[in-house]
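Each remark here refers to the structure printed beneath this line.
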Amino acid sequence: MESPDSILYQKNEETTLEGEIGGTPTSSDGAEYHTLDEPVKDTIARDLKAVGTKFYHVLYPKEKKTLLKDWDLWGPLILCMLLASLLSTENADDMDDNGLQFAQIFFIVWFGAIVVTVNSKLLGGNISFFQSVCVLGYCLLAPSIALIMCKIMGLIFNYSLFLFISKLLLVTCGFSWAIVGVTVFLGDTQLPKRKALAVYPIFLFYFVVSWMILASS
């Protein structure tokens, strides 16, 4: 029969082990710490840092699981609002039409991403819904950069054949970079025999976005 001291020692070991595996994070003074207790600026700074890290990996798509293991929708939301704002007509005399265009572009981007994601899931892709939307949204970074550069060039140069060719090259580069990024991040999530069926809607999605950029800029 075990002594009371032995039983108490075993209970203390179990308590310590549980605390190491799944215990509540503590601050430096030993008090319990929760993310809800941290200052708002620290939360915002942490989220912005995470978004910036994902933007870097989209521009340099080397690590395949970077966007999949810690997904979020902040980056896609920022890029979608940027695209909708720049693509909508900047006409102060008709704000209703401006707002309608913004809503239409916003809807097209998100609806397109959802349709592509549903298609991927129906083809047996081993990826969650929000992971796919996250990757598709973050990969809009290259087309967004192309749009900004097209807008800048449009302000500097008058319309000419050179300007159109330059914009076409920028939009093509943004489109190609987006396709490469999506292929890197989502290429291994589809069955080998169904990759073409999964990539085709993705190609159409970014092609429509790129066409809107070229037509409006």
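The values are calculated or read from the model by the stated rules, or taken from the named source; none is laboratory data. What you see is a predicted model; the values in this text were computed from it and never measured. All Cβ positions, glycine included, derive from the backbone under ideal geometry; neighbour counts span all protein chains shown. What goes into the accessible areas is simple: the full protein's heavy atoms, side chains included, and nothing from ligands, DNA or RNA. Shrake-Rupley method; radii C 1.70, N 1.55, O 1.52, S 1.80 Å.
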Divide the volume of the convex hull of the Cα atoms of region 66-217 by its number of residues and quote the answer in cubic angstrom per residue.
104
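Which entries of K54/K167; K54/K151; K69/K193; K41/K69; K121/K151; K167/K193 show an alpha-carbon separation above 29 angstrom in the structure shown?
Details: K54/K167 26 Å; K54/K151 25 Å; K69/K193 25 Å; K41/K69 25 Å; K121/K151 36 Å; K167/K193 36 Å.
Check vs 29 Å cut-off fails for K121/K151; K167/K193.
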Surface accessible to a 1.4 Å probe, per residue, for the residues of region 123-206, Å²:
52
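Filter the chymotrypsin sites (Phe, Trp or Tyr not before Pro) in region 154-217 to those in DSSP coil with at most 13 other Cβ atoms within 10 Å of their Cβ, and list the result.
Taking region 154-217 and a limit of 13 other Cβ atoms within 10 Å, the loop chymotrypsin sites (Phe, Trp or Tyr not before Pro) found are F157, Y159.
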